[in-house]
Amino acid sequence: MKLRTIGLSIAAVILAAACGKTPAPASETAGATPAAPAAEEKVLNIYNWSDYIGEDTIKNFEKETGIKVTYDVFDSNEILEAKLVSGNTGYDLVVPSIQYLARQVQAGVFQPLDKSKLPNWKNLDPEIMARIAKLDADNTYAINWQWGTTGIGYNVAKVKAALGPNAPVDSWDLIFKPENISKLKSCGVAVLDTPQEILTAALKYLGEDPNSFDEATIRKGEALLTKIRPYITEFNSSEYINELANGDICVAVGWSGDVFQAQSRAQEAKNGIDIQYNIPKEGAAMWFDMMAIPKDAKHPNNAHLFLNYVMRPEVMAGISNYVRYANANKAATPLLDKDIVENPNITPPPEMMAKLFTFAVVPPDVDRLYTRIWTKLKTGK
């Protein structure tokens with residue numbers, strides 16, 4: 001989940017346009033993908049977030065369908081959106097985060113899904129899809145790829161050494177109280193390089209509406225971040241995975257699945273580093289990454305074949321079991337690893353779900369304010 005901030009020039013283009021480890025399934029499996037139409041060449045170009053798919057997902061799809069997949073990755077919504085608004089993406093499937101998808105739909109950059117080609121749609125969770133439909137009406141343009149939360153990843157031993165056995169690792173206090181984060185600077189603190197993620201977290205911590213568009217309210221978040229800025233050692237949205245796993249940093253404000261991937265990498269390396277993730281008890285952001293077909297896609301039928309393929313329970317479960325994110329495929333739940341289903345920081349219980357918020361589609365004036373605040377925060381200028 002992945003989310004990132006958006007550049008002002010890209011936002012302007014969008015608004016202007018708006019105004020004018022996966023098991024190999026057998027082909028005979030129920031809901032199996034039919035053969036690709038002969039009229040379309042057996043090619044599929046996918047653009048997805050880094051570290052965000054099962055080890056065998058693409059290989060198995062290619063083996064079953066004979067479709068050759070080119071799979072490229074990005075690490076920011078800004079990069080993806082720049083390609084989308086250029087009008088010549090070269091991709092057949094892309095994975096924007098839901099609030100970006102919403103305004104990209106307004107700009108006409110996607111084609112609606114042909115649900116007659118998606119019989120496995122029946123496997124999706126109606127409750128999750130209803131949440132998504134608030135920004136993608138009638139789930140017209142996209143299916144959920146994965147979803148997760150933004151919270152705190154931490155090195156258990158190093159945080160304990162810095163703050164003692166009662167360190168508030170289940171609270172935003174760990175990050176937003178200067179007396180705590182100041183003691184963590186020496187072992188390294190990373191935060192996501194995206195203003196919407198971090199400003200909304202600060203506002204949530206302060207008891208304000210995290211999606212407020214009121215400048216005075218947003219400035220309260222800025223003031224809090226300014227106080228802790230001297231103790232933030234880096235801003236990044238992808239490197240922190242390996243940095244946590246290797247012990248190069250001790251705390252990261254990051255995405256749930258990324259932190260659990262760091263945990264897995266540390267365990268696989270047998271380096272003795274214990275990485276944990278918590279959704280702060282005050283609440284946090286819940287986000288959805290969506291898979292959609294660009295309007296200029298040259299292989300839309302193959303794109304539908306892939307969408308239907310990943311909506312098979314065994315395929316989507318395999319992806320989630322590998323990347324450690326939740327998904328919207330209800331039929332896949334019985335196939336998920338026990339430590340995903342029973343981990344409240346991956347699959348939050350109802351009482352925590354009630355504290356989670358989703359991001360609003362930010363209007364251009366607020367987007368400009370976010371960008372000014374973020375630039376000043378990062379550079380001091």
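The values are calculated or read from the model by the stated rules, or taken from the named source; none is laboratory data. The structure displayed is predicted, hence computed values, not measured ones. Cβ atoms come from the backbone with ideal geometry, glycine included; neighbour counts cover every protein chain shown.
Go over the candidates Pro119, Pro96, Pro168, Pro112 one by one and state the one that is modelled with pLDDT of 95 or more and in contact with a Gly (Cβ under 7 Å, 6 or more places away or on another chain).
From the options Pro119, Pro96, Pro168, Pro112, the qualifying one is Pro119.
Quick check on this structure: which one of Glu234, Glu197 is of a type in the set (D, E, K, R), closer than 30 Å to Pro112 by Cα and touching a strand residue (DSSP E or B) at 6+ places or on another chain (Cβ under 8 Å)? Give the steps one after another, and end with the answer.
Numbers: Glu234 fails: closer than 30 Å to Pro112 by Cα.
Of Glu234, Glu197, the one residue that is of a type in the set (D, E, K, R), closer than 30 Å to Pro112 by Cα and touching a strand residue (DSSP E or B) at 6+ places or on another chain (Cβ under 8 Å) is Glu197.
Of all residues in the range 81-116, count the ones that are among the hydrophobic types (A, V, I, L, M, F, W, C) and not in a helix (DSSP H, G or I).
Number of matching residues: 7.
Considering only residues that are in contact with a Leu (Cβ under 6 Å, 6 or more places away or on another chain) and within 13 Å of Phe306 (Cβ to Cβ), which ones fall in the range 66-90?
Across the range 66-90, the qualifying residues are Ile67, Val69.
Within the range 122-220, which helices (runs of 4 or more DSSP H) (wholly inside it) include 1 or more residues that are within 30 Å of Ile293 (Cα to Cα) and in contact with a helix residue (DSSP H, G or I) (Cβ under 7 Å, 6 or more places away or on another chain)? Lay out the reasoning, then the answer.
Numbers: elements: 126-132, 156-163, 173-176, 178-181, 195-205.
Filter on the range 122-220 gives 126-132, 195-205.
For Pro280, only one of the following conditions fails: (1) in the same structural domain as Tyr205 (by TED's automatic domain parsing); (2) surrounded by fewer than 18 Cβ atoms within 10 Å (Cβ to Cβ); (3) touching a Ser or Thr at 6+ places or on another chain (Cβ under 7 Å). What is its number?
(2)
Take the conditions at positive phi and modelled with pLDDT of 95 or more and apply them to Gly254. Does it pass?
Numbers: at positive phi: no; modelled with pLDDT of 95 or more: yes.
No, not satisfied.
Do you know which residues across the range 39-72 are within 22 Å of Ser237 (Cα to Cα) and hydrophobic (A, V, I, L, M, F, W, C)? Write out each step before concluding.
Start the filter on the range 39-72 by keeping residues that are within 22 Å of Ser237 (Cα to Cα), which leaves 46-55, 71-72.
Listed by number, the residues that qualify are Ile46, Trp49, Ile53.
One line per residue, one yes/no per condition, for (1) surrounded by fewer than 17 Cβ atoms within 10 Å (Cβ to Cβ); (2) out of contact with any strand residue (DSSP E or B) (no Cβ under 7 Å at 6 or more places or on another chain):
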site	(1), (2)
Tyr322	no, yes
Ala328	no, no
Asp337	yes, yes
Asn343	yes, yes
Pro349	yes, yes
Met353	yes, yes
Thr358	no, no
Pro363	yes, yes
Asp367	no, yes
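Can you name the residue in the range 209-242 that is surrounded by fewer than 18 Cβ atoms within 10 Å (Cβ to Cβ) and of a type in the set (Asp, Glu) and is also farthest from Leu369 (Cα to Cα) among such residues?
Glu239
Between a residue in the range 64-78 that is farther than 22 Å from Ile98 by Cβ and assigned to a loop (DSSP other than H, G, I, E, B) and any residue that is modelled with pLDDT of 95 or more and not aromatic (Phe, Trp, Tyr), which pairs come within a Cβ distance under 8 Å, given they are 6 or more apart or on different chains?
Note: pairs meeting the criteria are Gly66/Lys42; Ile67/Lys42; Ile67/Val43; Ile67/Leu44; Ile67/Asn302; Ile67/Leu305.
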